[in-house]
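These notes concern the structure reproduced below.
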Amino acid sequence: MTQPASRSVGHYQYEERDRAFLQERINEFEGQVRRRLSGELSEEEFKPLRLMNGVYLQLHAYMLRVAIPYGVLDSRQLHKLADVAAKYDRNYGHFTTRQNIQFNWIALKDVPTILRELAEVDMHAIQTSGNCIRNVTSDEFAGAAKDELMDPRIHAEIVRQWSTLHPEFTFLPRKFKIAISGSPEDRVAARFHDIGLLARPSENGPLFRLFVGGGLGRTPVVGQELFDSVKEEDLIATLEAVLRVYNAFGRRDNLYKARIKILVQTIGLEAFRKAVEEELARMDRAAYRLTPEHVAQIRARFALPDLKAPADASDVLEQHKKADPAFARWVASNTHPHQDEGHICAVISLKTPGDIPGDVTSEQMHGLADLAERHSFGEVRVTHLQNLVFGHVRKDQLHELWQGLKALGLAAPNVGLISDIVSCPGLDYCNLANARSLPLAQKLGARFGDAALQAEIGALSIHMSGCINACGHHHVGNIGLLGVDKRGAETYQILLGGDAGENAAIGGILGPSFAEDEAVDAVARIVEFYLGQRQKGETFSAMLKRCGLKAFKEVAYETV
Amino acid sequence: MKRLSRPGEGEILLLTASRLLDGRIVWLGEGEHWRESIAEATRFTYEDAGAALERALAEAEQKEVVAVYEVVAKDTQPPEPVTTREAIRAHGPSVHPDFSYDHAPVREKESAL
Ligand code: HEM
Ligand code: SF4
């Protein structure tokens, strides 16, 4: 193992009191597990306690969900996750759409030990389950992307600190998810969160556009703009007020109606805004005021990368691309422009066609951690599309990184392309599933795996979920697939036209569900139709708008 | 109590649970001990299963299992669950044949009850 990444950048450095707090939480849970195993606690009493610590009971074993706040890991942490996978799981970890990692083969008796090992590298499973404010998610290119307006991580950390174990909000009507981005291009699906924040700078300090009441699941809803420009100093007060209104009015009697999206829909955006404003007027604003000093303090705990690249870094990259077409193809799909001319952001696809989306072996995790040490200041980010990002790679060293990724089997040139399929674990692991999602994702990946074909198709997203809970975000895929149980048989509904970004849209259901292989063929026909009929530069969603769902339906069901 | 699933022609009922310690899927077998292999599961008729399930539920805490319920299976050797969900529980994830209980080394048997 390599040395701890003392120079690792990008995430908040823990203080002693953070560490002491983690130890306390583990001691507490260890006692609870002990009392459960001795029979002192019944399953009924224990279940909510384990859920507060990220432990679910799944189809084959317990599942442990580990938090990766705003998706940023350092190489030391990734090595540790690799160790946990090898020692306590079947050598795998599964990265999720909430920028977390899940282990599917965990024994309850091992959990306290695992939590202690994770705490050694400042990791935990807090806020990964239960009806609390869940882990805040953020833009995977934060602090690096050329198109960024402001680095969202500082405020993501401030929101995390505010929300962690907020005494009022540990038992909300339902779970609560917050995402924050600082780019004009919404890379966090802000409109599909309970609260989505889009940050931008102004002459008078940062401003936040606040969306409320978005979500997927049983009732997919596009979030609505509650406030256009929340001032930095009012950020926490405003969040607090939104949560208070929700906590006071949100329904607790019906699990499916308990999310804030239902409250906002029921009383209407205007009434909700009025309630929030009244709450703001009532509360002690000074107590929640976010001062520039506090923000500066948090900012200081994020180390910044020392971006030094040779003057000819861009030229070297161009030469490498010319010499190696396979590398050039990977660069075209798997990179994003960096703020610094000599650097680039690299996206590592966890969707090698035919493999399981989001799954990484222990060896791959160790290998990635070593590569991150060498090429990205020891820092790795997890994306909400189940890929990884090295934020700051020197352009002249990108080829070397790519070769390292190839050796790990992680150089699929398909980010944003059709085989970059987002998928939940489905019936192969999940207790709530109606149908398997992974085999279908594998088949679709293999069907469209050819690099030239994918490049020809261009940007097109497939998302799939094994049930209506929508963990795989099927509503926002250009093509969405949803597993449904039809009298005991696994079948798949197809949705078209979803979009998670600026043009947020929920996919329309095409029609009756398909058997697995039929679904693969139907998707193939849909894609073929798109290729044949699209106008120059026309996206899938644009063509769908032009031609209408019915035309696609006829193709999918072969009724023409 | 919720009604039992009714087995069809050539089908029987098995009782299953998750082991408290490690979440491992287990099947109620001979002597009302929880077993790791579905091949060792006791076959119940619809008529017998109700009382057996009630007993198993009552003894769940003591026998260190959770989530006890009945599963419809074909009356074959070994019995084979009828639904995909239960087949996946019995044999492991379909996407990882190498992880299946049929092939993977059985973990240490701590709760050999
Ligand atoms: C395998 C164990 C899992 C269980 C038991 C589970 C359970 C659930 C449930 C019950 C909901 C709906 C909540 C509601 O509407 O109030 C939900 C939503 C969600 N889950 Fe999971 N999930 C699991 C795995 C995952 C995984 C692997 C991912 C990421 C790939 C994920 C990401 C999400 C997301 C993003 C939502 C939000 C949908 C929304 O906006 O309402 N979950 N999950
Ligand atoms: S969408 Fe359904 S099947 Fe998939 S992980 Fe979520 S709860 Fe499980």
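The values are calculated or read from the model by the stated rules, or taken from the named source; none is laboratory data. The structure presented is a predicted model; accordingly, all values stated were derived computationally and were not measured. All Cβ positions, even for glycine, are placed from backbone atoms using ideal geometry, and neighbour counts span all protein chains on display. Surface areas here come from the heavy atoms of the whole protein model, side chains and all, with no ligands, DNA or RNA. Shrake-Rupley method; radii C 1.70, N 1.55, O 1.52, S 1.80 Å.
Here is how the numbers come out for the structure above:
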| quantity | calculated |
| --- | --- |
| Relative contact order (%) - criterion: Cα under 8 Å, at least six apart; region: chain A | 13 percent |
| Normalised contact order of the stretch A:137-299, rounded percent, pairs of Cα under 8 Å and 6 or more residues apart | 19 percent |
| Karplus (6.51, -1.76, 1.60) ³J(HN,Hα), θ = phi - 60°, over the stretch B:86-99, in Hz, Gly and Pro reported as x | 6, 5, 5, 4, 5, 10, x, x, 5, 7, 9, x, 5, 8 |
| Förster radius 56 Å - calculated FRET efficiency between A:R35 and A:D312, Cβ distance, rounded to 0.05 | 0.30 |
| Entries in A:K308/A:K406; A:K321/A:K406; A:K177/A:K274; A:K351/A:K486; A:K351/A:K406 that, when Cα-Cα distance is taken, lie over 19 Å | A:K308/A:K406; A:K177/A:K274; A:K351/A:K486 |
| Within-10-Å neighbourhood charge of A:L388 [Cβ basis; K, R +1; D, E -1] | 0 |
| Gyration tensor (alpha-carbon) shape descriptor, the stretch A:273-397, a/c threshold 1.5 | prolate |
| Antiparallel bridges, percent of DSSP beta bridges restricted to chain A (to nearest 5) | 80 percent |
| Residues with amide H under 5 Å from that of A:L41, placed H, sequence gap 5 or more | A:R36 |
| Pairwise burial A:B, computed as accessible area of each alone minus the pair, summed, 1.4 Å, Å² | 2400 Å² |
| Charge dipole magnitude, Cβ of K and R +1, D and E -1 - chain B, Cα centre, debye nearest 20 | 280 debye |
| Anisotropy class of the stretch A:422-556 from Cα gyration tensor, a/c 1.5 cut | prolate |
| Built amide H within the under 5 Å cut-off of B:W34, gap 5+ | B:G29, B:L113 |
| Table column - 3J(HN,Hα) (Hz), the stretch A:203-219, Karplus curve with 6.51, -1.76, 1.60, x for Gly and Pro | 4, 9, x, x, 10, 10, 8, 10, 9, 9, x, x, x, 10, x, 4, 10 |
| With every protein chain in place, the protein assembly as shown: carbon and sulfur % of accessible area (1.4 Å) | 51 percent |
| Other-chain or far-sequence residues with amide H under 5 Å of A:K486's (modelled H) | A:T491 |
| Whole-angstrom gap from the stretch A:390-439 to the stretch A:469-520, using each part's C-alpha centre | 21 Å |
| Sites A:K87 and B:H33, calculated FRET efficiency, Cβ-Cβ separation with R0 41 Å, nearest 0.05 | 0.90 |
| Net charge dipole size for the protein assembly as shown [Lys, Arg +1 and Asp, Glu -1 on Cβ; Debye, nearest 20] | 1120 debye |
| J(HN,Hα) series, the stretch A:137-143, from Karplus relation 6.51 cos²θ - 1.76 cosθ + 1.60, nearest Hz, glycine and proline x | 10, 8, 5, 5, 9, 3, x |
| Computed [θ] at 222 nm, deg cm²/dmol, chain A (DSSP H ≥ 4; -39,500 (n - 2.57); rounded to nearest 500) | -11500 deg cm²/dmol |
| Relative contact order (percent, whole number), the stretch B:11-109, Cα cutoff 8 Å, 6+ residue spacing | 27 percent |
| Net charge dipole size for the stretch A:279-386 [Lys, Arg +1 and Asp, Glu -1 on Cβ; Debye, nearest 20] | 420 debye |
